[in-house]
Amino acid sequence: MNNDSARIGWMVVFAVIIALTIPWFLWGDGQVLYGLPVWLWWHIGWMAVVSLVFKLFADRAWGLGIEESI
């Protein structure tokens, strides 16, 4: 995978993460699961997903698009 396609791929991944950070589809939903509101479970799960994605990004693509100018 060249730098341009990798950079675009990571931009798409982070755009999806940002778009789904706030669970708009759960607004006004009062359901409770195991003593906590469903939206809170979404937040907890989402933090786990985002931390895994950031770990992958840090391991594989950290510094992508940053060129050394020597």
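The values are calculated or read from the model by the stated rules, or taken from the named source; none is laboratory data. These numbers were taken from a predicted model, which means no experiment stands behind them. Cβ placement follows ideal geometry from the backbone for every residue including glycine, while neighbour counts extend to all protein chains displayed. Just the protein is used for accessible areas: all its heavy atoms, side chains included, with ligands, DNA and RNA removed. Shrake-Rupley method; radii C 1.70, N 1.55, O 1.52, S 1.80 Å.
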- Amide H neighbours of Ala61 under 5 Å, counting only residues 5+ apart in sequence or on other chains, H built in-plane at 1.01 Å? none
- Placing +1 at every Lys and Arg Cβ and -1 at every Asp and Glu Cβ, with all other atoms neutral, what dipole size does the chain have around its Cα centre, in debye to the nearest 20? 160
- With a point put 7 Å past each Cα toward its Cβ, work out how far Trp24 is from Val53 in nm, to one decimal. 1.6
- Mean accessible surface per residue for the chain, computed with a 1.4 Å probe while every protein chain stays in place, in Å²: 82
- For helix 38-60, report the angle its Cα long axis makes with the longest principal axis of the Cα atoms of the chain; keep it between 0 and 90° and round to the nearest 10°. 10
- Surface share of carbon and sulfur [accessible, 1.4 angstrom probe, percent] for the chain: 70
- Message: Projecting each Cα onto the charge dipole of the chain (Lys/Arg +1, Asp/Glu -1 at the beta carbon, about the Cα centre), which of Ala15, Trp62, Leu52 comes out farthest on the positive side?
- Response: Leu52
- Positive-end residue, the chain charge dipole about Cα centroid, Cβ charges, pick of Gly30, His43, Asn3: Gly30
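From the Cα gyration tensor of the chain, with a ≥ b ≥ c the square roots of its eigenvalues, which class applies: rounded if a/c is under 1.5, or else prolate if a/b is larger than b/c, or else oblate?
prolate
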- In whole percent, what relative contact order does the chain give with Cα contacts below 8 Å and a gap of six or more residues? 40
